[in-house]
Amino acid sequence: MPEPTPEQHLPGAGRTPEEGAIADTGMGGTMDLATAEGETLEKTPGGPQATEPSEKARSLWSDAWRDLRRNPVFIISGLVILFLVFISLWPGAITWMSPLKCTLSKAQEGSQPGHPFGFDGQGCDVYTRVVYGARTSVTVGVLATLGVALFGSVLGGLAGFFGGAGDSILSRITDIFFAIPVVLGGLVLLSVVTSNTVWPVIGFMVLLGWPQISRIARGSVITAKQNDYVQAARALGASHSRLLLRHIAPNAVAPVIVVATIALGTFIALEATLSYLGVGLKPPTVSWGIDISAASPYIRNAPHALLWPSGALALTVLAFIMLGDAVRDALDPKLR
């Protein structure tokens, strides 16, 4: 009789898969190895259940966009801002008159067919001037915000990243600018300007508006550069420019965006304030601040000439502030 091979001494050797799956448990019983092995594969991390496609990890920006789409404050303010941008780019789409065409015989008259907002003290159509005034306000607000955000974030980011004497000097300079009252500074600086364009007003806003953004950017960069991934990149020999642009800036820009969005509405209100005081924009430029200033003496006889541009200004500023609040709530993980 032939001797059994070594393989035949193994449990289940020479049997079919169904038969070979039975083994002695060592305690007087048997165990189905095939079934146990199949159940173990299903329960292990590498088993069939682990092959299911997992949900893709979302970044801060994708989470923020998801939250913004579900926020009614963001939707309402966004629609208002889109409408303002539309009439700023194409005012002729909703009005057919020129804002500089005035008829003195109709001065201070109320609403009429074709002139829903009435006429101001010079006989100009209030509706047309309100529409064209949106272009000036949005232009000044957007350009001033871009200038402040770029200039302030670059200075603050570099100071926070390198530190040292440059950081200390910049901190003292920002303290000096914070001590200057904005309206008083505008009265002093813009009173000597004779240009009728928007650029002197934009330059003044950038000059006095950058310290706030700079301080926000500096704090964000200081916080971001202490993270482990930045230290790891530095240990691997990453250059300063790569650390700033690749690792720090994307994670430090969120607070700057929030502050800049809220500041945009503030700059629009500041332009109207300076124009109302007579040192901002000047005629023939169409501005809500100019119209409010011109309509103030006639508030008893023609209140509509004051209320409509004031209402448009208030609605615009409120829309941008609400948008900034919604963006802040979406980008701040602590508020989730």
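Overview of values
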| quantity | calculated |
| --- | --- |
| Tensor-based shape of segment 181-336 (alpha-carbon gyration tensor, a/c under 1.5 rounded, otherwise prolate or oblate) | prolate |
| Accessible surface of segment 268-332, 1.4 Å probe, proportion on carbon and sulfur as whole % | 68 percent |
| Percent accessible area from carbon and sulfur atoms, segment 74-118, protein chains only, probe 1.4 Å | 72 percent |
| Segment 67-103: chymotrypsin sites (Phe, Trp or Tyr not before Pro) in DSSP coil with no more than 14 other Cβ atoms inside 10 Å | TRP96 |
| Paramagnetic reach from SER98 (point 7 Å along Cα→Cβ, amide N under 18 Å) across segment 127-141 | 127-133 |
| Accessible area per residue in Å² at 1.4 Å probe, computed on segment 100-179 | 47 Å² |
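The values are calculated or read from the model by the stated rules, or taken from the named source; none is laboratory data. The shown structure was predicted, so the numbers you read here are calculated from the model rather than taken from an experiment. For neighbour counting, all protein chains shown are included, and Cβ atoms are generated from backbone atoms with ideal geometry for every residue, glycine included. Each accessible area value is taken on the protein alone, full model and side chains, heavy atoms only, with ligands, DNA and RNA left out. Shrake-Rupley method; radii C 1.70, N 1.55, O 1.52, S 1.80 Å.
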